[in-house]
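The values are calculated or read from the model by the stated rules, or taken from the named source; none is laboratory data. This structure is a prediction, so every number in the text was calculated from the model and none was measured. With ideal geometry, Cβ positions are generated from the backbone for all residues, glycine too; neighbour counts draw on all protein chains shown. SASA here: full protein model, heavy atoms, side chains in, ligands and nucleic acids out. Shrake-Rupley method; radii C 1.70, N 1.55, O 1.52, S 1.80 Å.
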Amino acid sequence: MAEAQADPAVAAELRDHLVAERRALVGPSWRRGVARGELPADLDPEVGMDLIFGPAMYRLMAGHAPLTDAAADAIVDAAMRGLARSPSPGND
């Protein structure tokens, strides 16, 4: 990540082969969540994915705590609860 800030070739490699591939894997799940009414249809999926991936990347970059399987699950769970569509008033 640090090298990508100064080297456009590294940035392209990172974006095209690490970031894009992972985001592509989340796309179908995101669309299913919207179709089932679990995620808001008016939320830009790119922003939602940033909210899921961002905390994990921060943990890796800052190194304040390990990114274990349990930590990754907790991050995704917290992000999804925050992104989840709230019930309409009167429908809870």
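Enumerate the pairs (first residue in segment 35-46 and in a loop (DSSP other than H, G, I, E, B); second residue anywhere and at pLDDT below 90) with beta-carbon separation below 7 Å, excluding pairs fewer than 6 apart on the same chain, so at least 6 apart or on different chains.
Close Cβ pairs (under 7 Å, with a partner that is at pLDDT below 90) amount to 37/85; 38/84; 38/85; 39/83; 39/84; 39/85; 40/85; 43/83.
If I ask for residues that are closer than 17 Å to residue 49 by Cα and β-branched (Val, Ile, Thr), which ones from segment 3-38 would you list?
Result: 19, 26, 34.
Select, from 32, 22, 81, 59, the only residue that is within 22 Å of residue 1 (Cβ to Cβ), open to solvent by 90 Å² or more (accessible area, probe 1.4 Å) and part of a helix (DSSP H, G or I).
When all the criteria are applied, what remains is 22.
Examine segment 3-11 for a residue that is on the phi < 0 side of the Ramachandran plot, acidic (Asp, Glu) and over 10 Å from the mean Cα position of the chain (by Cα), and state whether such a residue exists.
yes
Would you mind telling me which numbered condition in (1) surrounded by 10 or more Cβ atoms within 10 Å (Cβ to Cβ); (2) among the small types (Gly, Ala, Ser); (3) in contact with a Lys or Arg (Cβ under 8 Å, 6 or more places away or on another chain) residue 65 fails?
Every listed condition holds for residue 65 apart from (1).
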